[in-house]
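Only one structure is covered here, and it is reproduced in the block below.
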Amino acid sequence: MDIFLETRIWAVDPDYPDPRVIALAAERLRQGALVAFPTETVYGLGANALDALAVARIFQAKQRPASDPLIVHIYDISWLEKVAREIPDQAWMLAQQFWPGPLTLILKRHMRIPAIVSAGLDTVAVRVPGHPVALALLAQATVPIAAPSANLFARTSPTSAQHVLEDLAGRIDLVLDAGSTSIGLESTVLDLTVSPPMMLRPGGISLEALQQVRSDVAYCPRHIAADSIVEASASPGMLSRHYAPAARLLLFTGPSDSVLNSMYATAQRLIADQQTVGILLPEEEQAMFADMSVELVSLGSYTDLAQIGHNLFASMRELDRRGVDAMLTHGFVQQGVGLAIWDRLFRAADGHVIEVTTATS
Ligand code: TXA
Ligand code: MG
């Protein structure tokens, strides 16, 4: 059954949202509406986390499989005991250090949180978002808000209200539009129910920053084929095809010069094949494609990985909007936020990873 709703768009100031507008949005949310709202990472699609029916509507609107659990957003650390139980000391420590902020902790689920939120798992993902609009909404709603990224399942996450509408107009009740989000990549997901703690998804807080607090935090990137996911797995966010644009994305890795040459040769071949090619590169590397008939989108400066992270999803959506058949890009150094960038590119590529070893012409 498909959904036909009139999706309202309410503009709010990102730093000083009008409390009357937020109060109305919070009231709707409490009553079961789906409200998309900005966080510092990406836009979330929120529902009252205590209301199993409202949460079910999230899965329906996103066409998200019921096996993929949601993140519960809380106003501050004092709400943690309302959503989780048997909270270990290290959770309090990490929360003190990184909240509000892009860190999601996996803890034992409090029975007050309906099982559907966590796809039936005994655990719950929790975070305090670092965005004035999200915090104001939580404060007025006075209930925890379950919110995945506000995109259709497996598509790139939305970093603006416009992106939310591209995917979900007519499927949700309301979008709070506060412009584009600052980080542009989702939160880091850290599982504290296992020992040592396991980073399940790299994101806005780097592995290095986590390891400064807990030196034993582990990360083992595993990429599971989408069709092998039948039930909720231990780390459900690790679906390989995720964060994907509509066009196919070709991800080149290897020494910088060889990679650019190989991208150039591939672009020529695709163009000869009547395909529309998009090039997703930092400003400094665009010159060699300037004379080619390709769609060029800048990711920002090579020297600023945070900026590249901020622009990544928006740039993929921009190339999709221009109707390219293929987008060509390359990997970045896998440190700091670079690890999250690599993770999203790798998943978006869905197996189209080209390892370049020698220089090609
Ligand atoms: O930055 C973010 O995290 C954004 C904003 C809106 O907060 N949210 C977000 O949600 O990215 P979503 O649903 O797109 O991604 C949540 C990730 C998924 O990889 C999911 O599998 C994982 O968190 N997750 C949620 N609950 C989990 C649980 N109980 N155990 C393991 N992984 C869990
Ligand atoms: Mg998502």
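Remarks
- Computed from backbone phi, the HN-Hα couplings of the range 207-218 come to 4, 4, 5, 5, 5, 6, 8, 10, 5, 8, 4, 9 Hz, rounded to whole numbers (Karplus: 6.51 cos²θ - 1.76 cosθ + 1.60, θ = phi - 60°; Gly and Pro given as x).
- Separation of the range 271-322 and the range 1-43, taken as the distance between their Cα centroids, equals 32 angstrom.
- Coordinate range of the alpha-carbon atoms in the range 236-338 per principal axis, descending: 38, 28, 22 Å.
- Electrostatic dipole magnitude of the range 41-88 [Cβ: Lys, Arg +1; Asp, Glu -1; Cα centre; debye, to 20]: 220 debye
- Calculated FRET efficiency for the pair Asp304/Val213, C-beta based, R₀ 22 Å, to 0.05: 0.30
- Label-to-label distance, nm, for residues given as Asp15 and Arg112 (7 Å Cα→Cβ offset): 3.4 nm
- Going by neighbour counts of Cβ atoms within 10 Å, the residues Arg347, Arg321, Arg248, Arg171 line up, fewest first, as Arg321, Arg248, Arg171, Arg347.
- Between amide H atoms placed 1.01 Å from N, distances below 5 Å from Glu40 occur with Gly130, His131, all of them 5 or more places distant or on a separate chain.
- Dimensions of the range 1-91 based on its C-alpha atoms, expressed as ranges along the principal axes with the largest first, amount to 45, 37, 24 Å.
- P(r), alpha carbons of the range 43-184 - 10 Å bins starting at zero, rounded %: 12, 44, 36, 8, 0
- Long-range amide H partners of Ile354 with built H, under 5 Å: Leu251, Phe252, Thr253
- q = 0.09 Å⁻¹: log10 I(q)/I(0) that the Debye formula gives for the chain, counting C-alpha atoms only: -0.49
- The H on the amide N of Arg171, modeled in the peptide plane, is under 5 Å from the matching H of Leu5, each at least 5 residues off or on a different chain.
- A simple rule links phi to the HN-Hα coupling: the Karplus curve 6.51 cos²θ - 1.76 cosθ + 1.60 with θ = phi - 60°, which for the range 339-354 gives 5, 5, 4, 4, 4, 5, 5, 4, 5, 5, 6, 6, x, 7, 9, 10 Hz, with x for Gly and Pro.
- The range 314-361 shape via C-alpha gyration tensor axes, a/c threshold 1.5: oblate
- Over the C-alpha trace of the range 117-164, radius of gyration and Dmax come out as 12.7, 35 angstrom.
- Counting only Cβ charges, +1 for Lys and Arg and -1 for Asp and Glu, the dipole size of the range 5-83 around its Cα centre is about 360 debye.
- Test item: Cα-centred dipole of the range 234-361, Lys/Arg +1 and Asp/Glu -1 on Cβ, debye: 440 debye
- Cα gyration tensor, the range 147-216 - rounded (a/c under 1.5), prolate or oblate: prolate
- Normalised by residue count, the range 25-71 yields a Cα convex hull volume of 78 Å³ per residue.
- Signed unit charges on C-beta, dipole axis of the chain, positive-most listed residue Pro255, Ala178, Ser78: Ser78
- When each of Thr193, Thr303 is scored by the number of other beta-carbon atoms lying within 10 Å, the sequence from fewest to most is Thr303, Thr193.
- For a label point 7 Å along the Cα-to-beta-carbon line of Ser258, residues of the range 316-360 with backbone N under 16 Å: 330-332, 353-360
- Principal-axis analysis of the Cα atoms of the chain puts helix 256-272 at an angle of about 80° to the longest axis.
- In range of the label at Gln275: residues from the range 308-350 whose backbone nitrogen is under 20 Å from the point 7 Å along Cα→Cβ: 315-331, 345-350
- Computed helical MRE - 222 nm, the chain, DSSP H runs ≥ 4 contributing -39500 (n - 2.57), nearest 500: -9000 deg cm²/dmol
- In plain terms, the residue of Asp167, Asp122 with the fewest other Cβ atoms within 10 Å comes first and the most crowded comes last, giving Asp122, Asp167.
Read-outs throughout are calculated quantities, based only on the coordinates presented, and are distinct from any laboratory measurement. Keep in mind it's a predicted model, so treat the numbers as computed, not measured. Quick reminder, even Gly has a Cβ in these numbers, built from the backbone with ideal geometry, and neighbours come from all protein chains shown.
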